[in-house]
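Note sheet for the following structure.
The values are calculated or read from the model by the stated rules, or taken from the named source; none is laboratory data. If you're wondering where the values come from, they're calculated on a predicted model, not measured in any experiment. Ideal geometry is used to build each Cβ from the backbone, glycine not excepted, and the neighbour counts take in all protein chains shown.
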């Protein structure tokens, strides 16, 4: 008769909180973990996800999901997403309202303060419904903490040549016995942000040769390997994966559709074949630039001596902005992309 598995008693209750990492300014040192779980056989140690943000359920909790949009290698759209179309509509509307604001200021039908109020409200709506495109991987940091790291495509572009160089030398930098530490150095802001990835080096004393520099090697100990099943992530099962038809309902119907679709389409759902194609389309997430140029134009318009007699009023602008909002945007304001807020908040979605 075999014995059952015996575990350590969880007297305090609850489960251990998993770690979520993001590249910060300066040095970020991590050891990338090998492919595991369902991805072990394919050797996939990272997965690219395009995640839609901005949609909440009836409990006012953000429910991110994978974009069903599929673009082929010829940049032709094979499967469209209502969330993508709505985001484009918001951006176009934002540009239209900016032009109307200029006309209203020139005509004297709205004040600069009113214009800024309308502009800020519309800008927040554009930022709310955001697409976050990142590569996700399991890593361990220098403190021995295992967790999920997401990096933008620009960081991955800096990492890949290094991986190829190591592979050419017969080194698998994610392997259990011969792993490498990587420094993901970030500098700059917004579209000027740069990523420089390098292998971490260490100084060693070699008899007859003095001090030499070599790669800092990491071997995954048995204690670390034993923790992976509880602390590492299933990279292909991080987010819900609704179909294009389901996403259309989410956009049109709002929280009620989010409740119905994303509660059953849980985070344990695997991406469809369409979404796996989409994940390989590595489009860099567009950042929301500040409207300093518009601010300067507004200032200039208010200085004009003889404004025209006709122009939109603030009521006209607010009416136009409200009219185009679908059910989803009339729900309580959702969190924006995780890059624009504290990680502690957006990480709660995984719990």
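Things to note:
- Where a residue in the range 202-226 is touching a residue at least 60 places away in the same chain (Cβ under 8 Å) and its partner, wherever it lies, is in a loop (DSSP other than H, G, I, E, B), with Cβ under 8 Å and at least six apart: 220/33; 220/176; 220/177; 224/144
- Here is the figure for the range 196-224: residues that are farther than 16 Å from residue 179 by Cα and either surrounded by 11 or more Cβ atoms within 10 Å (Cβ to Cβ) or touching a strand residue (DSSP E or B) at 6+ places or on another chain (Cβ under 8 Å) (or both) total 8.
- Residue check for residue 235: surrounded by 15 or more Cβ atoms within 10 Å (Cβ to Cβ), under 30 Å from residue 53 (Cβ atoms), at pLDDT 95 or above and touching a helix residue (DSSP H, G or I) at 6+ places or on another chain (Cβ under 8 Å): yes
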